[in-house]
Every structure is written in C-alpha cells, then in structure tokens.
Amino acid sequence: MCRNIRTLYNFDPPVTEEEMEAAALQFVRKVSGFREPSRANREAFERGVRDVTTAVRDLLDSLVTSASPRDRDVEAAKARARTRRRYQAQTG
C-alpha cells in the first residue's frame with residue numbers, strides 16, 4: 001500500500017485532524033490513481049478525501065486498547081533506523 005500512510009492510533013500526543021486528512025488523501029490518491037484529479041473529477045476526489053477522513057476519525061474514536069500510548073519521537077527514531085538499515089543493505 002502507500003508507504004506514506006502511517007499508523008495513527010494510540011499515540012501521545014493524539015493524532016491531529018491534519019494527519020487524518022493527509023492519510024485519507026494518500027489513500028484516495030492510491031485508489032483513484034490520481035495525484036491531482038482533473039477539473040471534472042475534483043469534486044468526487046475531494047468528497048472521497050472527506051469521506052475517508054470521517055471514516056478514519058470514527059474508527060480511531062471507536063478503538064479501545066489497554067496498551068499505553070506510543071511516543072511519537074521514539075517511533076519516528078525507530079522508523080529512521082529501519083530506513084537506514086534498509087538502504088544500507090541495498091547499497092552495501
């Protein structure tokens with residue numbers, strides 16, 4: 001799927017509306033095949049982004065967990081380390 005879609009659930013601080021919209025935009029781009037839709041498809045594309053954002057918000061609001069929230073900075077550092085290892089393995 002899209003590498004730019006990130007896990008949004010159970011973080012401290014919680015996910016923002018902008019992060020949900022960005023994930024929805026990536027999803028709609030992938031599904032539609034459009035990075036930027038034509039004028040004829042713009043309304044449907046934007047409606048898709050709004051609908052997916054709403055679905056993401058509803059999902060995240062409905063989920064429950066007993067796990068403690070993950071720290072964004074720690075998770076970002078782990079992701080950077082995975083990326084470094086992946087690129088080192090490809091070049092070395």
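The values are calculated or read from the model by the stated rules, or taken from the named source; none is laboratory data. Note that the structure is a prediction, hence the values are computed from the model and not measured. We place every Cβ from the backbone using ideal geometry, glycine too, and count neighbours over all the protein chains shown.
Once the range 12-32 is narrowed to residues that are of a type outside the set (D, E, K, R) and surrounded by fewer than 16 Cβ atoms within 10 Å (Cβ to Cβ), the residue that is farthest from ALA79 (Cα to Cα) is SER32.
Quick one: how many residues across the range 71-84 are within 14 Å of THR7 (Cα to Cα) and over 16 Å from the mean Cα position of the chain (by Cα)? Show your work before the answer.
Step one: of the range 71-84, the residues within 14 Å of THR7 (Cα to Cα) are 71-76, 78-79.
Right, trim to over 16 Å from the mean Cα position of the chain (by Cα) and you get 71, 73-74, 78.
Total meeting the criteria: 4.
Checking each residue in the range 52-87 for being among the hydrophobic types (A, V, I, L, M, F, W, C) and at pLDDT 90 or above picks out VAL52, ALA55, VAL56, LEU59, LEU60, LEU63, VAL64, ALA67, VAL74, ALA77, ALA81. Across the range 33-52, the number of residues qualifying as in a helix (DSSP H, G or I), surrounded by fewer than 14 Cβ atoms within 10 Å (Cβ to Cβ) and not hydrophobic (A, V, I, L, M, F, W, C) comes to 8. Among residues of the range 12-30 that are among the basic types (Lys, Arg), those with a beta-carbon under 7 Å from a residue that is in a loop (DSSP other than H, G, I, E, B) and surrounded by fewer than 18 Cβ atoms within 10 Å (Cβ to Cβ) at least six positions away or on a different chain give the pairs ARG29/ARG35; LYS30/MET1; LYS30/CYS2.
Out of THR65, THR53, which single residue is out of contact with any Ser or Thr (no Cβ under 8 Å at 6 or more places or on another chain) and within 16 Å of THR16 (Cα to Cα)?
Numbers: THR65 fails: within 16 Å of THR16 (Cα to Cα).
Exactly one of THR65, THR53 is out of contact with any Ser or Thr (no Cβ under 8 Å at 6 or more places or on another chain) and within 16 Å of THR16 (Cα to Cα), namely THR53.
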